[in-house]
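Taking it in order: structure first as structure tokens, then the write-up.
The numbers here are math on the coordinates, done by the rules we state, and not lab data. Just so it is clear, the model here is predicted, and its values are computed rather than measured.
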Amino acid sequence: MKILGISFGVLAVLAAMENINELEPVVTMACISLILLSYSISFEIRQDYIHKKHLKLFGLSLFKWKLHCIEPEYVTVFSTSSSKGSDWGPVAAMNGKLSEQNYVVRIFRGRQYFTLLRTKSRSLAETKANDLGELLGVETRF
């Protein structure tokens with residue numbers, strides 16, 4: 001989304017330089033660019049299990065709705081590696097796949113799980129999992 005937002009921003013600047021008399025397309029593209037670059041989705045996890053999902057714009061909640069989530073038995077952090085196929089560029093010339101290491105924070109109840117965070121930083125994942133485990137009063141597993 002960031003690439004698309006930056007592209008709309010560049011197009012807005014180019015359209016403004018090309019034809020100053022027409023502001024409507026420039027303003028529209030600039031607004032789309034700002035929305036794409038500033039929106040985010042976050043979770044509010046509470047100790048009383050009334051969880052919410054937030055749609056934010058510039059860090060301010062525009063919409064929030066109830067998040068249907070399991071009551072966890074434990075929180076876990078584990079590493080995953082994923083690979084993406086590539087049909088062109090230097091990655092395709094070498095082996096055709098781009099591999100990536102991520103750390104995932106999930107809450108489990110029996111065989112059910114809910115993914116809360118994916119990150120490339122192990123320390124961030126462990127810190128968030130410990131904080132969540134303390135908040136909910138459940139065990140944190142690594």
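Between 0 and 90 degrees, the angle of helix 2-18 with respect to the longest Cα principal axis of the chain falls at about 20 degrees. Among V13, V75, V104, the largest mean-square fluctuation in a Gaussian network model of the chain (Cα springs under 10 Å) belongs to V13. Helices in the chain, meaning DSSP H runs of at least 4 residues, each add -39500 (n - 2.57). Divided by all residues, the mean residue ellipticity at 222 nm is -12000 deg cm²/dmol.
Normalised by 2.2 N^0.38 Å, where N is the number of residues, the C-alpha radius of gyration of the stretch 1-75 stands at 1.64. Considering the chain at the alpha-carbon level, its Rg and Dmax are found to be 20.8, 63 Å.
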